[in-house]
Structure formats: C-alpha cells, structure tokens
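Each reported figure results from applying straightforward, stated rules to the coordinates on display, with no laboratory input. Computed from a prediction, not measured in an experiment: that's the story for all the values here. Note: ideal-geometry Cβ built from the backbone for every residue, glycine included; neighbour counts use all protein chains shown.
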Amino acid sequence: MNRSCLHSLRRTEEGSAVIEFVLLAIPLMIPIIMYLGVVHENSTINSDLHNLARQSARAFITSSDESFEPARIQSVIKIFEERILRPDGIQEVPTITIECSATPCLTPDSRVRVTASLTRSRERLSGILRFVPTSTVRFSASDVQIVDAWR
C-alpha cells in the first residue's frame with residue numbers, strides 16, 4: 001500500500017475507538033447506576049430509621065411521667081415524617097415498638113429498647129418490565145437507652 005492509502009485508512013478509523021467505548025460502556029453503566037440508586041435508597045432508609053429509633057428512645061426515657069410517653073413518641077414520629085422521611089421520598093409511616101427491661105419502664109438504670117420499622121413496597125415497573133414481580137421490603141432499626149439512675 002502506498003502512503004496516501006495508509007493515511008486515509010488511519011483517518012477513517014480515528015474515531016472508532018471512542019464509538020466502540022460508548023457503545024459498550026453505556027449498556028454496562030445503566031444497570032450499575034440503577035443498582036447504586038437502590039443501594040443509596042436502602043441506605044438512606046436504614047439511616048433514617050436508626051435516627052428515628054434513637055430520637056424516640058431519647059424522648060421516651062427523658063419523659064417526666066409515663067403518661068406523656070405516647071404523645072412524645074407520636075410527636076417525634078410526626079416530625080420525622082415531615083422533615084426527614086417525606087423529603088427523602090418515603091411515604092410509608094414507620095411503626096415504633098418499645099421493650100422495657102423493668103416495670104415500670106422508667107425505673108432507674110433500666111434499659112429501654114426502641115425499634116423503628118418500615119415496610120416499603122417497590123414501585124411497579126413499566127414498559128416491557130411491567131411483568132417483573134416487585135416485592136415488599138421491611139426495614140428495621142433499634143436503639144437501646146438506659147434510664148437515668150438519679151430519677
């Protein structure tokens with residue numbers, strides 16, 4: 001081959017590496033990006049629930065009287081829903097369960113375990129993927145606080 005033919009052949013293949021990379025990389029990157037989105041969402045929900053459990057436990061053990069505890073817990077849940085869960089796109093309402101190591105719960109040096117739970121159903125897919133079944137995912141986080149000894 002002469003020089004002009006080799007030069008024109010090289011010029012026609014100059015951009016092919018970029019095109020091949022784009023054609024191979026985009027189909028591989030889309031599932032990775034979707035996976036990372038799901039991992040981020042689950043991580044955010046777990047973090048929010050742990051924070052809710054900790055704040056609920058704190059509100060519970062700092063109550064001056066056991067008759068105020070349900071109202072304080074509901075207040076914490078409502079604030080979390082409005083300020084943290086809804087902005088993160090979580091529409092489900094979390095449930096709180098409380099376990100005490102002593103009776104009454106506010107006995108000095110007793111342990112109080114608060115568990116925040118949330119059941120979230122995945123959105124239905126659309127298009128050709130609409131036949132793929134979606135499942136519900138249950139998230140849960142707990143926190144243990146000790147009632148002040150000098151109560």
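Suppose the chain between Ile32 and Ala102 were pulled fully straight at 0.36 nm per residue; how much longer would it get relative to their current alpha carbon spacing?
Result for the pair: 20.3 nm of gain on full extension.
What is the sum of charges around Arg86, taking Lys and Arg as +1, Asp and Glu as -1, for the other residues whose C-beta is under 12 Å from the C-beta of Arg86?
Charge balance near Arg86 sits at -3.
Determine the shape class of segment 79-124: with a ≥ b ≥ c the square roots of the Cα gyration tensor eigenvalues, call it rounded for a/c under 1.5, and otherwise prolate if a/b is greater than b/c, oblate otherwise.
Taking the square roots of the gyration eigenvalues as a ≥ b ≥ c, segment 79-124 is prolate.
Just to confirm a number: summing +1 for Lys and Arg and -1 for Asp and Glu over residues other than Val144 whose beta-carbon lies under 10 angstrom from that of Val144, what do you get?
+1
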